[in-house]
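The values are calculated or read from the model by the stated rules, or taken from the named source; none is laboratory data. What you see is a predicted model; the values in this text were computed from it and never measured. Methodologically, a virtual Cβ is constructed for each residue, glycine included, from the backbone with ideal geometry; neighbour enumeration extends over all protein chains shown.
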Amino acid sequence: MSELPTALYTPAQVRELDRRAIEDHGTPGEALMEHAGRAAYRLLRRRWPDACRVCVLCGGGNNGGDGYIVARLAARAGLTVRVVALSDPERLGGAAAVAMQRCREVVAIESWDPRVLDASDVVVDALLGTGLDRPVEGAYAEAIAAANALRAGRLAVDVPSGLSATTGAVLGSAFHADATVTFIGLKQGLLTADAPEYVGTLHFDGLDVPDTVYHDLTPAAERVDAVSVGDWLPARTATAHKGHFGHVLVVGGDHGFGGAVRLAAEAAARTGAGLVSAATRERHVAPLIGARPEVMAHAVAGADDMTALLERATVVALGPGLGRAAWSRELFRTALAFDGPLVVDADGLNLLAETAPTARPTWVLTPHPGEAARLLGCDTATVQADRFAAVAALSDRYGAAAVLKGAGTLVAAGGQRWVCSGGNAGMASGGMGDVLSGVIAALIAQGLPASRAAAMGVALHADAADRAATAGRRGLLASDLFAYLPS
């Protein structure tokens, strides 16, 4: 098994990779399936070395074939194995039929009965694979529910059954894996939406297919983390000065929301912006300067006070704590006239949803699913049902780089798609989005185009949160990220 690749594919693309390996490069389908089953078995033994009793749930397709290989290997190694077929094994064809027959030589194949799961140390899910396109029902749903209720280890082969490998959404119900091993191409749906709750620890095995299998097939998206974006920002020269790294202006902080401006402004400074200013309510100026004297805080009463600040700015972060009062709307309208890059967040997005869309390729929009729904004129459930479609629609509608926040944050800009594989549940706290806005604005100020700044920003933000969370996820504060952003 290898580290997770950066290239992400749809299930249809992975089936094409599989076809190329078999038909174009002469790799027997049985050999690919054997390799996949062995990879899953090795992970089982490594993850649960003391397991003695294994139950393998097998479906009717190639995913079931992988399961039959896992069962055969486990039985031959002396483990107590029960193999449960959720569909008639006699109807299998091709490599899956061969795998089933070889399994039957060493262990009996049983029909589904909830009692077969009793006393299992590990349950292996080889039920549905990547082809699922409708809600799970019947015996499959019953088996998934029964497996999830056990106090046993749970291993998913290729994809947790019931999880869409395209969107990451649960289709009715899904197997709740502790670990998942996926093959040939990393499926995009394993990293976003509901997937982080169901996939567990994700492992990848390319099954040793030739590199030429991947030629001429453009990945659907690219996975980003702090490592993969590490060389996107040039190193600083020994003679650098603050003028080389741009000037971020953060606009927001209506009454009661001064903290949002402070978080965004400090995040911009910690991420390397040369200069950072804040345009906010007068009452927030003294506390902001007292907390972070490196930020130039300005009291703005309206548009007239904004003009000079906008003239000096390289990039504007619009929206942290902005509110929707008359003051907020005036600052919003004034900032929209800025002809440079804008990072729009929070109430900046809510006010943008009330205006006619305008194509702005230098903008970055950073909505959470609720804000995305308002921008697209739909509901949050629709956004979450297909986050890839939603983020693409946002980018198309506004002609901007779009960041769809949440578990497995997505970025879209033109035809490019990125998925962030970092982050944790501790980030579900106030102010995290304000920090992200400042991070992205600082990267733009340092010369990155909006699209790359958005992708790199979400990766660095997630990595800082993951490192900050080593002390615990519950109670993680947005300001805890500041210690890790410079590194």
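A few notes on this one:
- The number of residues in the stretch 153-185 that are in contact (Cβ under 8 Å) with a residue 40 or more places away in the chain, polar (S, T, N, Q) and surrounded by fewer than 24 Cβ atoms within 10 Å (Cβ to Cβ) comes to 2.
- From the list S120, S87, the one residue that fits, being in the same structural domain as I184 (by TED's automatic domain parsing), of a type in the set (S, T, N, Q) and at pLDDT 95 or above, is S120.
- Only one of G447, G433, G438, G475 that is surrounded by fewer than 20 Cβ atoms within 10 Å (Cβ to Cβ) and touching a residue at least 60 places away in the same chain (Cβ under 8 Å): G447
- Filtered residues of the stretch 453-487 (kept if of a type in the set (D, E, K, R) and either in contact with a strand residue (DSSP E or B) (Cβ under 9 Å, 6 or more places away or on another chain) or under 19 Å from V224 (Cα atoms) (or both)): D463, D466, R467
- Looking only at residues of the stretch 267-277 that are surrounded by 24 or more Cβ atoms within 10 Å (Cβ to Cβ) and over 25 Å from the mean Cα position of the chain (by Cα), we find that the one that is farthest from A299 (Cα to Cα) is A273.
- Any hit, the stretch 77-89, residues being touching a helix residue (DSSP H, G or I) at 6+ places or on another chain (Cβ under 7 Å), among the hydrophobic types (A, V, I, L, M, F, W, C) and assigned to a loop (DSSP other than H, G, I, E, B): yes
- Scanning the stretch 229-247 for residues that are over 18 Å from P449 (Cβ atoms) and either among the basic types (K, R) or loosely packed, with under 11 Cβ neighbours inside 10 Å (or both) yields A235, R236, T237, A238, T239, H241, K242, G243.
- Selection count, the stretch 198-220, where residues are of a type in the set (D, E, K, R) and touching a helix residue (DSSP H, G or I) at 6+ places or on another chain (Cβ under 9 Å): 2
- Residue within the stretch 103-119 that is crowded, with 21+ Cβ neighbours inside 10 Å and closer than 24 Å to D50 by Cα present: yes
- Taken over the stretch 37-66, residues that are within 15 Å of L127 (Cβ to Cβ) and either part of a helix (DSSP H, G or I) or not assigned by TED's automatic domain parsing to the domain that holds T130 (or both) amount to 7.
- Taken over the stretch 387-423, the criterion of being farther than 15 Å from L365 by Cα, part of a loop (DSSP other than H, G, I, E, B) and out of contact with any Asp or Glu (no Cβ under 6 Å at 6 or more places or on another chain) is satisfied by A407, G408, G415, G423.
- The stretch 374-383, residues that are in a helix (DSSP H, G or I) and over 16 Å from A412 (Cβ atoms): R374, T380, A381, T382
- P219 meets each of the listed conditions (1) crowded, with 20+ Cβ neighbours inside 10 Å; (2) closer than 30 Å to G65 by Cβ apart from (1).
- Counting only helices (runs of 4 or more DSSP H) that sit wholly inside the stretch 240-325, those with at least 2 residues that are small (G, A, S) and within 20 Å of F482 (Cα to Cα) are 258-270, 282-291.
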